[in-house]
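To start, the structure itself, in structure tokens.
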Amino acid sequence: MSTLAIYGGEPTIKPGEIKNWPPVDKTDEDLILAALHEPNQARGKYTALLEKEFNAFAKTKYAYFTNCGGSALHMCVAGCGIGAGDQVITTAYTWPSSASCILHNMAVPVFVDILPDTFLMDPSKIEAAITPRTKAILCVHLHGLCCDMDPIREIAKKYNLKIIEDACQAHNALYKGQPAGTLGDCAGFSFNQNKCMTSGEGGIFVTNDEEIYRKGLTLTGFGDMQPTKDTDEYPAYAFGYKFANNEITAAYALAQLRKFPWYYKQLIDNARTLHAELTAANLKGLKLPVEPENCTHNWYNYNIRVDFDALGMADKTTAEKSRFRHAVCKALQAEGLPCGVWQHCILPQMTIFRAKNAYGKGYPWTVPGADAKTNYDVENFPNADKYCYSHIALVMVLRAPNDTVMASRVAQAIKKVFSNIDKIDPDKIMK
Ligand SMILES: Cc1ncc(COP(=O)(O)O)c(C=O)c1O
């Protein structure tokens, strides 16, 4: 193999060869322009259309188009009736919004470790984390792979807990053929630009449960969404925010949603091409993502891992391993491959959770009884910690309009770096 680009060789992928995400065309332009000329640019006709078509897409009954995925998740928490001093069990390895949405309603996140292969919440760890304060399990279908829902549902049923799905990365990810968003009581999706379906920013709260929908809505309309209101008064019936999005963004989201079948097929074809080529190459030190039999990955992120055991580096410190992984990442980037570290540390290590202080004066952890069993020490989450310092994430490069030819180029770049893995020298690369 030729010299690595990080040491002066030719990059595998040249600048400009990777096409931008999302593809924008006349479908987007026509809908956005039409929305722009409507008299109503707040919630209106395009928002209603989007919510209707998203319900059909996600197989849900109720939907509310929000300004982001985080607010959609906050609506889930409020919709499930979770409040001050309650506890919600979630995963230690995720995006901070999966847990901050719990704090936003004055409840406390209780973390559990992940499974070593799928990097998703380990269902066998949930029961030990349950206390009389526990009200829900918030499962995160991370990187576009659904959690193992059967055991999670069994536990939820046994302890009468709600299930909230963080489906922000999981558009049409399937569990036993059923889409994310319908696997629990309610769900939040994100339409942020990184996502498989985007409107730049945005999100959507979905549920099949009318009561959860109504309670969720109360939160977003300044606390003013009365189910039957026959006056023009605007009293705040409850404590609320404003999470609504607008018509122009709704029109963009609608255009992108209508193109989703193309995007989805292309992403899956690309990920399968990459996966087949890397599997066939059988490279030392490279661990590939898995797709359990009962799941269909949407390949939001294709995450590879450095296998430190295979490289004889098992005894190195976490800091040394992390530095080596960063050097590998830089070598891949030098080959022209956009990739990065998706999370630098697990949630329990992040300042807000370590400090146990969200609202000042230690709230919500200082609500009497709220802090039971919340041990955030990293030692409790060894799989999450290991995943964190060994992964490298490929996000946009496999998206449409990039095709399987590009997926093969990505494979080539990874093969070049990993077949030269003995030459990766963090002291030279991480100057
Ligand atoms: C797993 C997960 N949950 C929640 C969110 C929050 O979504 P948003 O950025 O749209 O608020 C994200 C966004 O990246 C995410 O990846």
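Bear in mind these aren't lab numbers, they're just calculated from the coordinates by the rules spelled out. Note that the structure is a prediction, hence the values are computed from the model and not measured. Cβ placement follows ideal geometry from the backbone for every residue including glycine, while neighbour counts extend to all protein chains displayed.
When shorter helices are ignored and each DSSP H run of at least 4 residues is given -39500 (n - 2.57), the per-residue value for the chain at 222 nm works out to -11000 deg cm²/dmol.
With everything on Cα atoms, drop me the angle between helix 45-58 and the longest principal axis of the chain, reported from 0 to 90° to the nearest 10. In the chain, helix 45-58 runs at an angle near 60 degrees to the longest axis.
Taking a Cβ cut-off of under 13 Å around residue 61, the surrounding Lys, Arg, Asp and Glu residues balance to a net charge of -2, with basic ones at +1 and acidic ones at -1. Computed over the alpha-carbon pairs of segment 121-220, the distance histogram in 5 Å steps reads 3, 13, 22, 23, 19, 14, 6, 1, 0 percent, short to long.
Between the helical axis of 26-36 and the longest alpha-carbon principal axis of the chain there is an angle of about 30 degrees.
Please give the FRET efficiency for residue 10 paired with residue 320, using the beta carbon to beta carbon distance and R0 = 35 Å, rounded to the nearest 0.05.
On the way: r = 30 Å, r/R0 = 0.86.
The formula returns an efficiency of 0.70 here.
Here the chain is assigned +1 on the Cβ of each Lys and Arg and -1 on the Cβ of each Asp and Glu. Its dipole about the Cα centre then comes out at about 540 debye. Enumerate the aspartates and glutamates that residue 259 could reach by cross-link, defined here as Cα to Cα under 20 Å, with residues fewer than 8 away along the same chain left out. Within the straight-line cut-off, residue 259 pairs with 25, 28, 29, 30, 51, 53, 201, 247, 269, 403.
Just to verify a number: FRET efficiency for residue 154 and residue 373, C-beta to C-beta distance, R0 = 22 Å, to 0.05? Intermediate values should be presented prior to the final figure.
Working: r = 21 Å, r/R0 = 0.94.
Once rounded, the FRET efficiency stands at 0.60.
Scaling against 2.2 N^0.38 Å puts the C-alpha radius of gyration of segment 26-258 at 1.00.
Sorting the Cα pairs of the chain by distance into bins of 10 Å, from 0 upward, gives 5, 21, 29, 25, 15, 4, 1, 0 percent per bin.
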